[in-house]
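Each remark here refers to the structure printed beneath this line.
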Amino acid sequence: MINLFKKLIKLVPIFLTALVLAIIVWVSSVSSSDPNQVITYPSPVAITILGQNPDMLITEQSTTNVEITLRAPRSVHEQISRNFNQITARINLSGLSAGTYSLEPEVNVNSFRPVQIVQVSPAEIDITLEQIATKTLDITMLQTGNLPISYEAGEAVLSSETVELLGPQSVVDEVVDVIANVDISNAISSITRIVELHPIDRRGNIVDGVSMNPTQITVELPVRQLVGYRNVFIKIVTTGTIAQGYHLTGLLVDPPNVTIYASDPDLADNMPAFLDTAPINLSGAYEDFSVNVALQLQDGIVVVGNQQVTVEVGIDAIQSSTQLVGVPVEIINLGVGLTVNISPEFVDLYISGPMNLLEILSSDDISVVLDLEGRSPGTYQLSLEITLNDPDLRLDSILPGTIEVVLWR
C-alpha cells in the first residue's frame, strides 16, 4: 500500500504539468477565436451625482460626462456596444461641505464580464459646492419714458411689494435691489401691466444664477390729466373747389390732435372736442400741396406747444377712358421698288388717363406706325407701334391687334 502511494506521489508532477499545458492550450484556443481588444468608446457616460447635501448647490462642475477605454474580448465589446446605457459613472458627495473638490468618478461595468477599465477621461472632476442662501428684498419700480404734456402719474400699486431670492450664497450676496421697469411713454390713461422682475448688483448689472419668487408682478399706475387741460382733435376747414377734372384724394393734419389749456376748468370741459383750422383755399388747385395753418381759438383757450398745424392736401386727376375711331396707320421704311397694301388702313384705339387730357385728345396726338424695315415681297400679319404724346395716358387696347400686309414689286 505504501509502495502504491509512493508511486502516485511521483506521478503528481506529471499530472500538474499536463493540467497546466491543457489550460494553456485552452486559453490559447479561446484567445485566438475571441481575442482581447482595447476600445475607447465615442459615446460619453453621463455622471450621476450621489449624496448631495440638500443645503448645498453645485455652482461649478468641470464636466458632466466621461469617456471610457475598456479591455475585453471582442464578443464582450459587441455586448457593450448593444447595451452601452448599462454602464454608469457616479460621484459621491456625501459629507462634503462648501468648497471646491477634485473627485474621481466611479465607473461601473459589472453588467459585462470579463472587462478591465483601462482609462477614464477625465480621471478627476472638479466640483464647487456652495451653501444655498435666501434673501428677501423690496421691489423697486422704475418709470421709463415720459407722459404727454398735461398728464401726471399717481402712486403705483404692486401685486407684491417684496421678492424672495434663492441661490448660491455668493450670487445672492451680489443682489442689492430688484427692479420692475414700467414704460409710461405717451400714456394718457391708467396703466395695468405685467412686469418682469430683474435682480441687479451695485453697478446696476443684472445678476444671473439666482431664482426669484415671484418672477413677475402686476403694476397698476394711475395716470390722469391735470385740471384745466384737455385733448382735442383738429377739424380741417376748406373753402373753394379744386380745378375741373380733378378730385381730392386726402386731407391729413399733423398733429391730428393738440392739448389746450384754460385757466377756467369749466371752459375747457364745455368746449367742443375739436378745434377748427383757419380756412384752406382749394380754388383751382390741381396738384398736391402742404400748408401751415393756425387754429381758431375762442377767448380763454390756448394751445399747449406749437400754435400751428400742417395740413397735407392730396389732389389727383379724375381718371377716365375714351375711344378714338378711324386713326390712320402710317407706313415707314418701305423697301425701294416695293408696293404695299394693308388691311385695314385705319384702327380704333381705347385710351385711359386723366379726364382733362382725354377731353382735348385727338388722333393728331397719337402716332400709329407700321414699320416695314427689311421686309421682302410677301404677305404678313404685323403689329403696330403706338406712341402717345403724354406719359399720363395709357393705351388699353387697339382694334384690330394686327394688320395684314401684302408687299409686291
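Give me the three principal axis extents of segment 305-373 from the C-alpha atoms, as integers in angstrom, largest value leading.
Sorted largest first, the three principal extents are 82, 23, 14 Å.
When the Cα centres of segment 387-405 and segment 252-271 are compared, how far apart do they sit, in Å?
Here the two parts' Cα centres lie 57 Å apart.
What is the antiparallel percent of DSSP beta bridges lying wholly in segment 36-123, to the nearest 5?
Taking every DSSP beta bridge with both residues in segment 36-123, the antiparallel ones total about 80 percent.
With the convex hull built on the Cα atoms of segment 185-316, state its orientation-averaged projected area in nm².
Details: hull surface 54.7 nm².
Hull-based average projected area comes out at 13.7 nm².
Give me the compactness ratio for the chain, meaning the Cα radius of gyration over 2.2 N^0.38 Å.
Working: Rg = 48.3 Å, N = 409, 2.2 N^0.38 = 21.6 Å.
It is 2.23.
Using label points projected 7 Å from each Cα along Cα→Cβ, tell me how many nm separate Ala273 and Ile331, to one decimal.
Modelled inter-label distance: 7.3 nm.
Tell me the Kirkwood radius of segment 137-225: reciprocal of the mean inverse pair distance over distinct alpha-carbon atoms, in Å.
Working: mean 1/r = 0.0719 Å⁻¹.
Mean inverse Cα-Cα distance, inverted, gives 13.9 Å.
Counting only C-alpha contacts under 8 Å and six or more residues apart, can you give the relative contact order of segment 229-317 as a whole percent?
On the way: 193 pairs, mean separation 37.2, N = 89.
Contact order relative to length: 42 percent.
Taking the Cβ of Gln119 as the center, what net charge do the other residues with Cβ under 11 Å away carry, scoring Lys and Arg +1 and Asp and Glu -1? Intermediate results must be reported in sequence, preceding the final value.
On the way: positive: Arg71; negative: Glu67.
Here the charged neighbours net out to 0.
Please give the peptides 192-204, 328-340 ranked by average Cβ packing (other Cβ atoms within 10 Å per residue), highest first, as a rough proxy for protection.
Values: 192-204: 13.9, 328-340: 11.8.
Descending packing order for the listed peptides: 192-204, 328-340.
How do Ser367, Ser81 line up, fewest other C-beta atoms within 10 Å first? Walk me through the numbers on the way to the answer.
On the way: Ser367 14, Ser81 11.
Sorted ascending by nearby Cβ count, the order is Ser81, Ser367.
Obtain the radius of gyration and the Kirkwood radius of segment 36-123 from its C-alpha atoms and give Rg over Rh. List each step's numbers first, then the result.
On the way: Rg = 14.8 Å, Rh = 14.2 Å.
Result for segment 36-123 is an Rg/Rh of 1.04.
What FRET efficiency comes out for the pair Val157/Asn292, r = Cβ-Cβ distance, R0 = 30 Å, nearest 0.05? Display every interim value, and only then the final one.
Details: r = 44 Å, r/R0 = 1.47.
After rounding, the FRET efficiency stands at 0.10.
Over what distance in Å are the Cα centres of segment 170-247 and segment 81-141 separated?
Taking the Cα centre of each part, segment 170-247 and segment 81-141 sit 47 Å apart.
Need one number for segment 60-173: average projected area of the convex hull over its C-alpha atoms, nm². Write out the running numbers ahead of the final one.
On the way: hull surface 53.7 nm².
Across all orientations, segment 60-173 yields a mean hull projection of 13.4 nm².
We did not get these values from a lab; they are worked out from the coordinates using the rules stated. Note that this is a predicted model, so its numbers are computed, not measured. No Cβ is skipped: glycine too gets one built from the backbone with ideal geometry, and neighbour counts run over all protein chains shown.
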